[in-house]
Amino acid sequence: MNENTANIVIVKQLYSAFMKKDIPAILGLLSDDVEWGEPENPYNPAGGTRTGHAGFMEWINIGKEAEDILVLEPKQFLTDDDSVAVTGYMKCLAKPTGKVYESDFVHVVKIKDHKIQKFQEFFDTYIAGEAFR
């Protein structure tokens, strides 16, 4: 298996663990100093970048309180030597307001030594912010 294929396998394992809400499996895929980020938005409490397993867990706990992920569909995996870009679709419920929002997304995942070193999410922050208002 070449490095690009191995990286896609790691990222697919991440999505599988998310679908199962298997936090120990997710943590096992992350480097100790992982950077986990999504765009800043004054209405989205999970926005920003967090580091390390503790930062990831902070993001998870904020997310559990703030929203439910109703649909998370990765559609395409594009790779180079140390990164995988994933395009897909998500549908989420903003718990404080009860509003649902939908967006396409791009996740850029950097991998080093077979661990996820950086995860950056890009999606329609305007529509997400409106759902939380």
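The values are calculated or read from the model by the stated rules, or taken from the named source; none is laboratory data. In this text the structure is predicted, and so the values were computed from the model without any measurement. Neighbour counts are summed over all protein chains in view; Cβ atoms, including those assigned to glycine, are modelled from backbone coordinates with ideal geometry.
Within segment 18-69, the set of residues being more than 19 Å from S83 (Cβ to Cβ) and aliphatic (A, V, I, L, M) comprises M19, I23, A25, L27, A46, A54, M57, I60, I62, A66, I69. When D81, D68 are checked against the criterion of being more than 14 Å from the chain's Cα centre (by Cα) and either under 18 Å from V108 (Cα atoms) or charged (D, E, K, R) (or both), a single residue qualifies: D81.
Of the residues that make up segment 54-77, is at least one aliphatic (A, V, I, L, M) and touching a residue at least 60 places away in the same chain (Cβ under 8 Å)?
Our first condition is that a residue be aliphatic (A, V, I, L, M); within segment 54-77, this holds for 54, 57, 60, 62, 66, 69-72.
If we keep only those that are touching a residue at least 60 places away in the same chain (Cβ under 8 Å) as well, we get 66.
The answer is yes; a qualifying residue exists.
Name the single residue that is nearest to P45 (Cα to Cα) among those in segment 84-133 being among the aromatic types (F, W, Y) and either in contact (Cβ under 8 Å) with a residue 24 or more places away in the chain or surrounded by fewer than 16 Cβ atoms within 10 Å (Cβ to Cβ) (or both).
Within segment 84-133, the match that is nearest to P45 (Cα to Cα) is F132.
Consider E40 carefully, then state whether it is at pLDDT below 95 and in contact with a Leu (Cβ under 9 Å, 6 or more places away or on another chain). For E40, the condition - at pLDDT below 95 and in contact with a Leu (Cβ under 9 Å, 6 or more places away or on another chain) - is not met.
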